[in-house]
1. If R₀ is 30 angstrom, what is the calculated FRET efficiency for the pair Asn149 and Glu339, using the beta carbon separation as r and rounding to 0.05?
2. Kindly express, to the nearest 10 degrees and within the range 0 to 90, the angle between helix 246-256's C-alpha long axis and the longest C-alpha principal axis of the chain.
3. Sort out for me the Cα centre separation of region 78-148 from region 226-279, rounded to whole Å.
4. Can you work out ³J(HN,Hα) from phi for every residue in region 124-140, in order, using Karplus 6.51 cos²θ - 1.76 cosθ + 1.60 and θ = phi - 60°, giving whole Hz and x for Gly and Pro?
5. What FRET efficiency do you get for Lys174 and Asp362 if R0 is 35 Å and r is their Cβ-Cβ distance, rounded to the nearest 0.05?
6. What's the ranking of 150-157, 331-338, 161-168 by average number of surrounding C-beta atoms within 10 Å, highest first?
7. Tell me the label only: which of (i) 21.8; (ii) 19.7; (iii) 17.0 is mean projected area of the Cα convex hull in nm² as calculated from this structure?
8. Can you work out the FRET efficiency for the pair Asp39 and Thr130, with r the C-beta to C-beta distance and R0 = 51 Å, to the nearest 0.05?
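None of the figures in this text is laboratory data; all of them are computed from the coordinates on show. In this text the structure is predicted, and so the values were computed from the model without any measurement. Cβ placement follows ideal geometry from the backbone for every residue including glycine, while neighbour counts extend to all protein chains displayed.
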Amino acid sequence: MTWFSAKQFFDGTDLHSDYHFQVENGVVTSVSANPVSCDVHLDGLVAPGFVDTQVNGGGGVLFNQVPSLASLKNMLLAHRQYGTTTMTPTLITDSLPVMQQAADAIAEAVTENLQGIAGVHFEGPHLSITKRGIHPSEQVRVISDAELNLITRLDLGKVLLTIAPENVGADVIKDLVSRGVIVSLGHSNADFNTVLAAIEAGATGATHLYNAMSGLQARAPGLIGAILSDERITAGLIVDLLHVHSANCRLAFKAKSAKGIMLVTDAMAHVGSDLTELPWLDTVITRDGDKLTTPNGTLAGSCLDMMGAVRRVHQVVGVALTDALYSASNTPAKFLGLENVGHLSMGAQADFVVIDKFLQVDSVFQGGNKQ
């Protein structure tokens, strides 16, 4: 049993000053504003560990290229230093055998209770060809029984699936949701009515709002219009200020609030490494500063980390720090249906980040243990 004191303490909802909390067996067992004898004094802002639902890689590893338990551990270490304590590793559109390898790696992580792996995010392959981005066109396909069986495995933890609703019917979405799959809409050129049907069928997420989706027009709201106007959708947002203009980020928060926007990194292998070039299919992804592109200038994921996303949302977009932190922790946790992370109330897992006055990570604790 350990008592911690914090100069500032964000419990996932409210910000407190000079607060105290107790951790026992990796769980928050008490919180108090009253002075108590503390074992550990934390000089900074304590906030729940960040939850990232879109992590393609990190530490020099891309999950698609090496779908293994070792890769998952590498990704966890790379992102943990930036405050991420829970993630759904993301597999970009690929062949069925690679999807199976990735699923097996996730199942292995879940079985051994690898801290930080909540499940898996299959981003594709059932997407729009015209909005596929860097997803390989030869692997974009209609959903098959083999893929349905894979996606609905019961040993994968939380399963998040990004689909284009014009290519996956509402009846299939309804079936997937009834079997526990979290359906997100993205890489789509669907019209508003098609999107609405998908939401009615149970889709609850949107993958990287504004990017690779049908735009907002006066008489055609498209996917963007549907996301911004429908409270049933939680939207991922890449706030590296390269994928989305700061004004559009501000609009998203005004339309949906921090409860409807979850920060994501869309991170590639470059995060947490000195990697500058990454082979991808028949081309290469190159890092130039904070920007990742293929030779034709197409954005290819990001080298964003969650602390950097929070910092930009607050300092550039102008969102209150507590709202930025909420979008990085509580919102994605609720979206995934995770009750014990994303907050630091009694009964929560003691995963937290200590943030300094420059909004940089000072230290990270997982299960109450400093990492």
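1. 0.60
2. In the chain, helix 246-256 runs at an angle near 80 degrees to the longest axis.
3. If you average the Cα positions of each part, the centres end up 18 Å apart.
4. x, x, 9, 10, 8, 4, 6, 10, 7, x, 8, 5, x, 4, 6, 9, 6
5. Once the sixth-power term is evaluated, E becomes 0.15.
6. Put in order of decreasing packing, that is 161-168, 331-338, 150-157.
7. (iii)
8. The formula returns an efficiency of 0.35 here.
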